[in-house]
Amino acid sequence: MDFDTLEAFIEVAERQSFSKSAKALHLTQPAISKRVAALESRLSTRLFDRVGRKVHLTEAGRLLLPTAVQIRFEVSRIEDVICNIGKTVNGKLTIGATEYIAAKQLCSVMKDYKELFDEVDLDLRVASSEETIANVATGAIEIALCPLHQSSLRTLSPKLRYTELFQSDLQVAVANTNSLALNPTTTLDTLIQTTAILPPKDKLARKAIDEILTAHEVEAKVSVEANDFSTMRSLASAGLGWTLLPESEIDDSLTRVTLNEVSFPHSVTLIRQRDMTLSRAADAFIGTLPINPSEKKTLESTSGHRRNEETSDSKITEES
């Protein structure tokens, strides 16, 4: 089983097409088919079902794909490390982030990084926290930044290492026309009598919120589910219920409501694989982020490209 064979398998799995995969790898379609057939022969099982012009992974193919992606990443990383010993930081760096962090936080960070390391090819992949974390676990992306509630961190795979870059509390917010806005300090029991706008039940953020509410023996009356802070803010502004937002998302159309007996902790978190050596490009990127001093030693590599703490201005702030 060689690397080229695995590369062909991954491309066909991701593109669901032999012809598109051949074009991506600058090969002929028969060459791609031959490589996949050789892999299937080696494993004595079919990896794809051919249905019309598309191909679909079999059960065996679905089991192989995460490992194949991991192997591809490791080979690429090793090549990058060996080729760049004693040289400047370059190569490709794949970063994952949620839409909120990409829009609100990473623009300035990536601008500074490109100015420092202009030979690095940055690939930013924007997706939900769940998908982003899964991509780190499989090796599809090297490092990721996600906004996570405290309790969500306990659910992460032991294969992953996380570093909280910034901690804050989400704020309860309601439309200025909401009755709760007349007295912006209230109790949890009063709050839950009104409708809420929260993330969907299957999302990490919602599970964390529900866990906090359950600990206080209450349950939110959710009228609308929304996937991102911007949508939640807009729906709350329209008077559809209370919601939870970072401080920076509360505009003039909303009133912040204070709850004395409960808080909703939230952090911007750096996620990477626990046992994977970072590429030089990833190590340099982490050097531009505000890392907790207690975590700095475990995250640093020996490549020597971390910026000085004195010059690493924090780009991820309370907007997170």
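The values are calculated or read from the model by the stated rules, or taken from the named source; none is laboratory data. Computed from a predicted model, the values in this text were never measured in an experiment. Backbone-built Cβ (ideal geometry, glycine too); neighbour counts: all protein chains shown.
Restricting to helices (runs of 4 or more DSSP H) lying wholly in the stretch 188-272: which have 3 or more residues that are within 30 Å of residue 286 (Cβ to Cβ) and under 19 Å from the mean Cα position of the chain (by Cα)?
Correct list: 204-215.
Do we find a residue being under 25 Å from residue 74 (Cβ atoms) and not small (Gly, Ala, Ser) anywhere in the stretch 162-177?
yes
Quick check on the stretch 32-44. Is at least one of its residues closer than 20 Å to residue 140 by Cβ and out of contact with any helix residue (DSSP H, G or I) (no Cβ under 7 Å at 6 or more places or on another chain)?
No: the stretch 32-44 contains no residue that is closer than 20 Å to residue 140 by Cβ and out of contact with any helix residue (DSSP H, G or I) (no Cβ under 7 Å at 6 or more places or on another chain).
Are any of the residues in the stretch 240-250 modelled with pLDDT of 90 or more, surrounded by fewer than 16 Cβ atoms within 10 Å (Cβ to Cβ) and within 19 Å of residue 151 (Cα to Cα)?
no
Scan the stretch 189-215 and report the pairs whose first residue is in the same structural domain as residue 172 (by TED's automatic domain parsing) and whose second residue is in a strand (DSSP E or B) and small (Gly, Ala, Ser), with Cβ atoms within less than 6 Å and a gap of 6+ or a chain change.
That search, which allows pairs on different chains as well, returns 195/223.
Of the residues 162, 113, only one is in contact with a helix residue (DSSP H, G or I) (Cβ under 9 Å, 6 or more places away or on another chain), in a helix (DSSP H, G or I) and buried (at least 16 other Cβ atoms within 10 Å of the Cβ); which?
The conditions single out 113.
Restricting the search to the stretch 116-158, which residues are acidic (Asp, Glu) and buried (at least 23 other Cβ atoms within 10 Å of the Cβ)?
The answer is 142, and nothing else.
Somewhere in the stretch 129-139, is a residue under 30 Å from residue 261 (Cα atoms) and either in contact (Cβ under 8 Å) with a residue 40 or more places away in the chain or in contact with a Phe, Trp or Tyr (Cβ under 6 Å, 6 or more places away or on another chain) (or both)?
So far as the stretch 129-139 goes, yes, one or more of its residues are under 30 Å from residue 261 (Cα atoms) and either in contact (Cβ under 8 Å) with a residue 40 or more places away in the chain or in contact with a Phe, Trp or Tyr (Cβ under 6 Å, 6 or more places away or on another chain) (or both).
Filter the stretch 110-124 for residues that are charged (D, E, K, R) and without any contact (Cβ under 8 Å) to a residue 40 or more places away in the chain and give the result.
Of everything in the stretch 110-124, those that are charged (D, E, K, R) and without any contact (Cβ under 8 Å) to a residue 40 or more places away in the chain turn out to be 111, 114, 115, 118, 119, 121, 123.
Across the stretch 60-87, which residue is modelled with the lowest pLDDT among those that are out of contact with any strand residue (DSSP E or B) (no Cβ under 7 Å at 6 or more places or on another chain), among the polar types (S, T, N, Q) and surrounded by 13 or more Cβ atoms within 10 Å (Cβ to Cβ)?
Only one residue tops the list, namely 76.
Output yes when any residue across the stretch 209-217 is surrounded by 18 or more Cβ atoms within 10 Å (Cβ to Cβ) and touching a helix residue (DSSP H, G or I) at 6+ places or on another chain (Cβ under 6 Å), and no when none is.
Among the residues of the stretch 209-217, not one is surrounded by 18 or more Cβ atoms within 10 Å (Cβ to Cβ) and touching a helix residue (DSSP H, G or I) at 6+ places or on another chain (Cβ under 6 Å), which makes the answer no.
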